[in-house]
Amino acid sequence: MEKHNHDHHKHHHHEHDTGIEKSHSSEHQTINKSDHQHGHHDHHAMMIEDFKKRFWISLVLTVPILALSHMIQQLIGFEITFFGDQYVLFGLSSILFFYGGWPFLKGLWDELKDKNPGMMTLIAVAITVAYVYSSAVVFGLEGMDFFWELATLIVIMLLGHWIEMKSVMGASRALELLVQMMPSEAHLVQGDQIKDIKVDQLKKEDIILIKANEKIPADGTVVDGESHLDESMLTGESKPVKKSKGDQVIGGSVNGSQSIKVKVSKTGKESYLNKVITLVEEAQKAKSKTQNLANIAARWLTFIAIGAGTITLVTWISLGKPLDFALERMVTVMVISCPHALGLAIPLVVAISTAVSASKGLLIRNRTAFENARKITAMVFDKTGTLTEGKFGVSRYESLTDDIDKEELLAFAASLEQQSEHPIAQGIVKVAKEAGLTLKKVENFESLTAKGIQGKIDGQNWKVVSPGYLKENNINIPEQAGSDAAETIVFVLLEEKLIGFIALSDQIREESPKAIETLREKGMKLYMATGDNEKTAKAVSDKLGLDGYYSEVLPHQKVDIIKKLQKEGHFVAMTGDGVNDAPALAQANVGIAVGSGTDVAAETADIILVNSNPKDIANLVLFGRATYNKMIQNLAWATGYNAIALPLATGFIPGLVISPAIGAVFMSLSTIIVAINAQLLKRKMKS
């Protein structure tokens with residue numbers, strides 16, 4: 001692995017993670033090998049459906065509960081009373097508490113089991129206190145019931161969780177998709193017979209046939225035939241790699257246009273693809289152990305609610321007040337300390353930022369990583385398909401004679417090349433067709449092994465050959481055909497006379513330079529890691545002015561590069577597209593997949609660039625920052641209401657005792673402010 005640094009003076013931004021990291025999507029992110037194919041996504045979809053159903057049923061139950069609550073009646077100025085109305089209210093509220101409140105009660109149990117109280121604990125404490133106290137009031141305790149508070153809290157929290165889960169796009173299917181890259185069947189060669197068997201029945205030393213354009217079902221060695229294999233999704237090498245007898249092939253790569261026979265060397269667990277799967281699994285597990293912001297706020301509010309409630313109760317009793325008064329104060333304090341607005345503060349912002357981002361070509365799978373985009377100090381790019389197009393394109397072509405212009409030269413070369421399967425040939429033919437050139441009829445076509453091709457056009461002898469052919473025949477390579485860039489150059493000969501050349505390369509995307517510049521302005525260190533050769537890597541890195549590059553790297557080495565930068569105190573983002581990037585995308589603090597790449601990379605990443613446009617990465621950082629700021633503002637509004645309402649609810653401040661009704665008004669106000677503030681984010685992001 002070669003590492004080149006264009007910057008010897010590294011300034012490290014030490015910015016530690018605040019413990020807000022991979023969101024709720026990560027809870028569902030680890031998959032057992034045996035489960036690779038199973039319905040991980042279905043589980044997440046079922047949870048979303050469950051919250052949705054509970055929300056609508058709870059909403060229907062809330063209407064009569066509000067109508068029957070005396071406090072709401074006083075507040076709005078109407079009256080509905082009938083014999084046993086309080087028992088009807090108790091019955092409806094009981095159904096709501098156990099059915100609508102179930103996810104929170106279960107969540108309380110899970111959080112306490114993990115010794116990690118958070119949002120679920122806060123909600124569960126508030127609804128339980130409200131329910132138990134209100135039930136006691138129905139059955140004889142002096143005081144005011146809080147069933148209305150219980151109902152609205154459950155409905156708003158269910159809505160918040162439903163919005164939140166919908167906007168986080170579900171659990172990771174990375175490992176299932178990796179497994180799907182392997183074909184399910186292989187063609188086993190037994191003497192003269194060919195038998196189709198399941199891939200998992202393959203054994204070492206088996207000989208298998210791989211037909212044109214099929215996926216390779218296992219790692220092995222070519223024993224017969226030759227072909228060009230596309231390994232770009234596994235190793236990142238953009239050029240299809242020629243494989244002939246004795247060469248190694250990797251399971252999951254795609255065969256070119258010739259059939260080959262392969263002797264199996266590794267199957268199942270030992271295979272290269274499986275090692276990639278394991279790397280992804282490990283990185284995902286390591287990443288899912290933190291919490292998000294609202295949870296941290298909720299944890300503190302839980303402690304404050306229980307603490308303040310207890311202090312209120314004890315203080316009033318010790319001051320000689322009756323138990324029912326002290327209890328009412330305690331319950332008011334504890335219920336008020338669970339802000340409805342907190343349930344919506346984060347989900348509303350998430351829903352808006354996810355929707356706007358999607359309309360701008362960014363799919364957010366992991367919202368915590370998205371919020372953390374503001375902390376990125378170093379970014380590692382995969383080259384092929386990310387900074388470059390990932391296809392062999394003609395970069396320039398010249399005629400070296402006055403008799404034939406460059407367009408004609410290209411037409412003759414393409415006429416010859418359309419007989420060939422080689423990727424360079426396909427690149428030349430594509431450009432000629434795009435330019436609308438007419439291709440000519442070729443006779444006596446033949447391939448000059450490893451040197452080029454030749455044939456007759458209009459009775460004349462044409463050749464398209466490699467620099468090696470010119471050297472062997474003592475033809476001087478013209479100066480303008482020398483290139484330090486990562487170009488592959490082929491020469492065109494007419495009757496053994498050099499008349500022109502065509503240069504091909506993996507083109508840099510036109511958006512790349514601007515994107516790199518924008519990210520550099522944000523003070524980031526920018527590196528490139530590629531499976532491609534040193535020369536190509538250097539050319540791209542120099543052209544874009546990166547801080548350094550790593551060439552000829554394998555997937556596990558990409559992970560090491562990211563770990564090394566993380567050790568140096570960087571908060572690292574990785575941008576890539578192939579399976580070869582999947583482990584690195586999972587290891588990075590923020591994994592960004594380029595949409596034109598494989599499904600797998602997209603499923604391991606936190607954020608997916610739908611349009612494969614590097615300039616969207618700059619948007620990502622800006623959006624992430626704006627979203628995070630909005631969340632902080634909303635948390636401040638949601639908890640700020642508590643800071644005012646809570647001391648008033650205790651009744652300790654003479655002449656300033658807040659009734660539950662005023663508490664309800666306060667609460668509604670903070671919820672409305674939070675909702676309006678979230679809408680302002682939409683305007684900011686769109687501008």
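The values are calculated or read from the model by the stated rules, or taken from the named source; none is laboratory data. All values derive from a computational prediction rather than experimental measurement. Cβ atoms come from the backbone with ideal geometry, glycine included; neighbour counts cover every protein chain shown. With ligands, DNA and RNA removed, areas are computed over all heavy atoms of the protein, side chains included. Shrake-Rupley method; radii C 1.70, N 1.55, O 1.52, S 1.80 Å.
Could you tell me how many of the residues in region 249-273 are free of Cβ contacts under 8 Å to residues at least 60 places away in the same chain and either open to solvent by 30 Å² or more (accessible area, probe 1.4 Å) or of a type in the set (A, V, I, L, M, F, W, C) (or both)? Qualifying residue count for the region: 10. Taking each residue of region 606-622 that is part of a loop (DSSP other than H, G, I, E, B) and looking for partners that are open to solvent by 20 Å² or more (accessible area, probe 1.4 Å) with beta-carbon atoms closer than 7 Å, six or more apart or interchain, yields V610/L363; V610/G595; N611/G595; S612/G595; S612/S596; N613/E511; P614/R509; P614/E511. If you go through region 512-550 and keep only what is in contact with a helix residue (DSSP H, G or I) (Cβ under 7 Å, 6 or more places away or on another chain) and open to solvent by 60 Å² or more (accessible area, probe 1.4 Å), you end up with P513, K514, K522. Check region 62-77 and report whether any residue there is at pLDDT below 85, over 14 Å from L150 (Cβ atoms), in contact with a Phe, Trp or Tyr (Cβ under 9 Å, 6 or more places away or on another chain) and small (G, A, S). Yes; the residues of region 62-77 include at least one that is at pLDDT below 85, over 14 Å from L150 (Cβ atoms), in contact with a Phe, Trp or Tyr (Cβ under 9 Å, 6 or more places away or on another chain) and small (G, A, S).
Of the residues making up region 136-156, just one is surrounded by 24 or more Cβ atoms within 10 Å (Cβ to Cβ), within 16 Å of G309 (Cβ to Cβ) and either of a type outside the set (A, V, I, L, M, F, W, C) or at pLDDT 85 or above (or both), namely E149.
Selection of region 629-652 for residues being within 26 Å of the chain's Cα centre (by Cα) and surrounded by fewer than 20 Cβ atoms within 10 Å (Cβ to Cβ) yields N629, I632, Q633.
So that you can scan it fast, the table gives a plain yes or no per residue for (1) more than 48 Å from the chain's Cα centre (by Cα); (2) surrounded by fewer than 18 Cβ atoms within 10 Å (Cβ to Cβ); (3) closer than 16 Å to L410 by Cβ:
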| residue | (1), (2), (3) |
| --- | --- |
| N444 | yes, yes, no |
| G459 | yes, yes, no |
| W462 | yes, no, yes |
| Y469 | no, no, no |
| I475 | yes, yes, no |
| E496 | yes, yes, no |
| I499 | yes, no, yes |
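If you go through region 391-400 and keep only what is modelled with pLDDT under 85 and open to solvent by less than 30 Å² (accessible area, probe 1.4 Å), you end up with just G393. For region 580-587, indicate whether the set of residues that are open to solvent by 10 Å² or more (accessible area, probe 1.4 Å) and at pLDDT below 85 is non-empty. No: zero hits. Filtering region 98-135 to residues that are open to solvent by less than 40 Å² (accessible area, probe 1.4 Å) and either without any contact (Cβ under 8 Å) to a residue 12 or more places away in the chain or basic (K, R) (or both) leaves only E111. Among residues of region 361-381 that are farther than 18 Å from V350 by Cα, those with a beta-carbon under 9 Å from a residue that is at pLDDT 90 or above and of a type in the set (K, R) at least six positions away or on a different chain give the pairs T377/K525; A378/K525; M379/K525; V380/K558.
Of all residues in region 401-435, those that are closer than 17 Å to G256 by Cβ, assigned to a helix (DSSP H, G or I), open to solvent by less than 70 Å² (accessible area, probe 1.4 Å) and among the polar types (S, T, N, Q) total 0. V657 meets the conditions (1) in a helix (DSSP H, G or I); (2) surrounded by fewer than 15 Cβ atoms within 10 Å (Cβ to Cβ) in every case but one. The failed one is (1). Could you tell me which residue of region 614-628 is modelled with the lowest pLDDT, considering only residues that are closer than 20 Å to K525 by Cα and open to solvent by 20 Å² or more (accessible area, probe 1.4 Å)? Among them, the one singled out is K615.
L544 fulfils the conditions (1) over 18 Å from I592 (Cβ atoms); (2) touching a Ser or Thr at 6+ places or on another chain (Cβ under 7 Å); (3) of a type outside the set (D, E) except for a single criterion, (1). With the condition kept exactly as written, say whether any residue in region 477-484 is over 30 Å from L544 (Cβ atoms) and not hydroxyl-bearing (S, T, Y). Checked against the condition, which is being over 30 Å from L544 (Cβ atoms) and not hydroxyl-bearing (S, T, Y), region 477-484 yields no hits at all. If you go through region 555-586 and keep only what is farther than 18 Å from I250 by Cβ, of a type in the set (G, A, S) and in contact with a helix residue (DSSP H, G or I) (Cβ under 8 Å, 6 or more places away or on another chain), you end up with A573, A586. Of all residues being in a loop (DSSP other than H, G, I, E, B) and of a type in the set (D, E, K, R) in region 451-470, which is modelled with the lowest pLDDT? Just the residue, please. Going through the qualifying residues, I end up with K451. Considering T386, T438, the condition of being in a loop (DSSP other than H, G, I, E, B) and either in contact with a strand residue (DSSP E or B) (Cβ under 7 Å, 6 or more places away or on another chain) or among the β-branched types (V, I, T) (or both) is satisfied by T438 alone. Summed over region 547-579, residues that are farther than 20 Å from G624 by Cβ, at pLDDT 85 or above and either within 12 Å of the chain's Cα centre (by Cα) or of a type in the set (S, T, N, Q) (or both) total 2. Filtered by the rule that a residue be touching a helix residue (DSSP H, G or I) at 6+ places or on another chain (Cβ under 6 Å) and open to solvent by 30 Å² or more (accessible area, probe 1.4 Å), region 65-79 gives L66, L75, E79.
One residue stands out in region 179-199 among those that are assigned to a strand (DSSP E or B) and among the β-branched types (V, I, T): the one that is surrounded by the fewest Cβ atoms within 10 Å (Cβ to Cβ), namely I194. Of the helices (runs of 4 or more DSSP H) that lie entirely inside region 64-142, those containing 3 or more residues that are farther than 24 Å from I296 by Cβ span 70-76, 85-100, 119-138.
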